[in-house]
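S.K.: My structure is below; once you've seen it, I'll send some questions.
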Amino acid sequence: MLPDALRLLLCPVCRNGLMPGGDHRLACPSGHSFDAARQGYFNFLVGKGTVFEADTAAMVAARFDFLSRGHYQPLADTVAELATPALVGPEAAVLDAGTGTGHYLKRLLAAAPASAIGLDISKFALRRAARMNPDAVNLVSDVWQPLPVKDDAVDVVTVVFAPRNAAEFARVLRPAGRLVVVTPRSGHLAEVAGKTGMLGIEPAKEERLAASLDAHFEQHSVRELDLALGLEPADVGNLALMGPAGHHLDRSALEAIIAGLPPVTKVSARFRISVFEPRKQPSA
């Protein structure tokens, strides 16, 4: 049985609505059809696909293992807390853009049941997400392309360490909806970032976030969250591999670094959770 979030989708080829073409297929009136992968997700990358580098199986496995140990659970709880007020009523719907393994979406749906779409460009991530959130529609899709979602279709868009397409998020959000964005703050993972080759935090990141969204959104609130983590060597290795640096890290060099770590490394995780609302359009 297909999830009820199907009603929110558009064909990525012709932008018509999609309907079930069987238990494991979606089809549109123009004849485009999409079969579910064996793991339960749909691949909506069409034409030339995407020019962006998707997370690899190893990166996704590292993220799954790290998050499964509960290190970032307070962050998942906070995202759910800030998104939940907008998820009210039987038609409530959420889009998790850059869903990864589906970890944060699962926590949100436990707090506020809703129709859900999980979107990511990595098929390896979507394999995990489809198992994590089987009642969501899980899509391989590029956030920088027109989203395969109808106008005014969702009440919440969540973006946890993922790209932000402001114009498309504004299009798919309902007027009273919320955009919840998680970004790292200065000093995030500083105790291990340099030695393991993780990417640093860009200066003035908060200002650039606000500027990138300003044409379509106004800020509602900001929450800062600091976590004091005690990480085993394997956790540190997963932390390094699960982020963008995982595309380029020398695995043998990282393993040598990890082997020299103490049994527990104290690490500070510093997050900013920003909530935005669609900017009100002037009356005609």
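S.K.: Give me the net charge of H220's neighbourhood, meaning all other residues with Cβ under 13 Å from the Cβ of H220; Lys, Arg count +1, Asp, Glu -1. Can you show the working numbers first?
M.R.: Working: positive: R178, R223, R279, K280; negative: E218, E277.
Result for the local shell: +2.
S.K.: Evaluate the distance, in nm, between pseudo-label points positioned 7 Å from the Cα of S68 and of F52 along their respective Cα→Cβ axes.
M.R.: So the two model labels end up 2.6 nm from each other.
S.K.: Oh, and also: No other cysteine beta carbon under 4.7 Å away is the test; run it over the chain and list who passes.
M.R.: C14
S.K.: Could you state the number of Å between the C-alpha centres of the stretch 245-272 and the stretch 145-176?
M.R.: Cα centres, the stretch 145-176 to the stretch 245-272: 33 Å.
S.K.: Could you tell me the largest-minus-smallest coordinate of the C-alpha atoms of the chain on each of the three principal axes, in descending order and whole angstroms?
M.R.: Principal-axis extents of the Cα atoms in the chain, largest first: 59, 44, 33 Å.
S.K.: Sort the following peptides by mean Cβ neighbour count (other Cβ atoms within 10 Å, averaged over residues), highest first: 215-223, 126-134, 162-170.
M.R.: Working: 215-223: 14.4, 126-134: 21.9, 162-170: 17.8.
Peptide ranking by packing, descending: 126-134, 162-170, 215-223.
S.K.: Sort the following peptides by mean Cβ neighbour count (other Cβ atoms within 10 Å, averaged over residues), highest first: 89-96, 153-160, 34-41.
M.R.: Details: 89-96: 20.2, 153-160: 25.4, 34-41: 16.8.
Peptide ranking by packing, descending: 153-160, 89-96, 34-41.
S.K.: Taking a ≥ b ≥ c as the square roots of the eigenvalues of the Cα gyration tensor of the stretch 169-248, is the shape rounded (a/c under 1.5), prolate (a/b larger than b/c) or oblate? It would help to have the intermediate numbers written out before the result.
M.R.: Details: a/c = 2.29, a/b = 2.24, b/c = 1.03.
Because a/c hits 1.5 or more and a/b exceeds b/c, the stretch 169-248 counts as prolate.
S.K.: Further question on the same structure: For L261, what is the net charge nearby, where nearby means another residue's Cβ is under 13 Å from its Cβ and Lys, Arg count +1, Asp, Glu -1?
M.R.: On the way: positive: K195, K266; negative: E191, E232, D235, E255.
Net local charge, L261 excluded: -2.
S.K.: Using DSSP, restrict attention to beta bridges with both residues in the chain and report what percent are antiparallel, rounded to the nearest 5.
M.R.: Values: 28 of 48 bridges.
Looking only at bridges with both residues in the chain, the antiparallel portion is about 60 percent.
S.K.: Something else: How compact is the stretch 1-119 by the rule of thumb for globular proteins, expressed as Cα Rg over 2.2 N^0.38 Å? Provide the component values of the computation, followed by the final result.
M.R.: Numbers: Rg = 16.0 Å, N = 119, 2.2 N^0.38 = 13.5 Å.
Dividing the Cα radius of gyration by 2.2 N^0.38 Å gives 1.19.
S.K.: A follow-up question, please. Rounded to the nearest 10 degrees, what's the angle between the helix 233-242 long axis and the longest principal axis of the chain, both from Cα atoms, 0 to 90?
M.R.: 40 degrees
S.K.: So, one more: Quick one: dipole size for the stretch 4-275, taken about the Cα centre, charges +1 on Lys/Arg Cβ and -1 on Asp/Glu Cβ, in debye to the nearest 20.
M.R.: Numbers: 27 positive and 29 negative charges, 65 e Å.
The calculation lands at about 320 debye.
S.K.: Taking Cα atoms, how many degrees apart are the long axis of helix 73-83 and the longest axis of the chain, rounded to 10 and kept between 0 and 90?
M.R.: The helix 73-83 is inclined about 30 degrees to the chain.
S.K.: Starting from the Cα of K280, draw a straight line to each of the aspartates and glutamates and keep only those under 18 Å, dropping any in the same chain fewer than 8 residues away.
M.R.: D151, D152, D155, E168, D214, E218
S.K.: Here's another thing I want to ask about it. Once fully extended, how much extra length lies between R131 and R38, figured as 0.36 nm per residue of separation less the alpha-carbon to alpha-carbon distance? Intermediate results must be reported in sequence, preceding the final value.
M.R.: Working: separation 93, 0.36 × 93 = 33.48 nm, distance 1.10 nm.
So the chain would gain 32.4 nm between R131 and R38.
S.K.: Taking the highest mean first, how do the peptides 174-183, 241-250, 136-145 order by number of other beta carbon atoms within 10 angstrom per residue? Let's see the in-between values first.
M.R.: Details: 174-183: 20.7, 241-250: 17.3, 136-145: 23.6.
Per-residue Cβ counts within 10 Å, averaged per peptide and sorted highest first, yield 136-145, 174-183, 241-250.
S.K.: Around V46, which amide H atoms from residues at least 5 apart in sequence, or from another chain, sit under 5 Å from its own amide H, with H modelled in the peptide plane?
M.R.: Distant-sequence amide H within range of V46: zero hits.
Laboratory data are not the source of any read-out in this text; all were calculated from the coordinates shown. Please read all numbers here as calculations on a predicted model, not as lab measurements. Cβ coordinates were reconstructed from backbone atoms using ideal geometry, including for glycine residues, and neighbour counts include every protein chain displayed.
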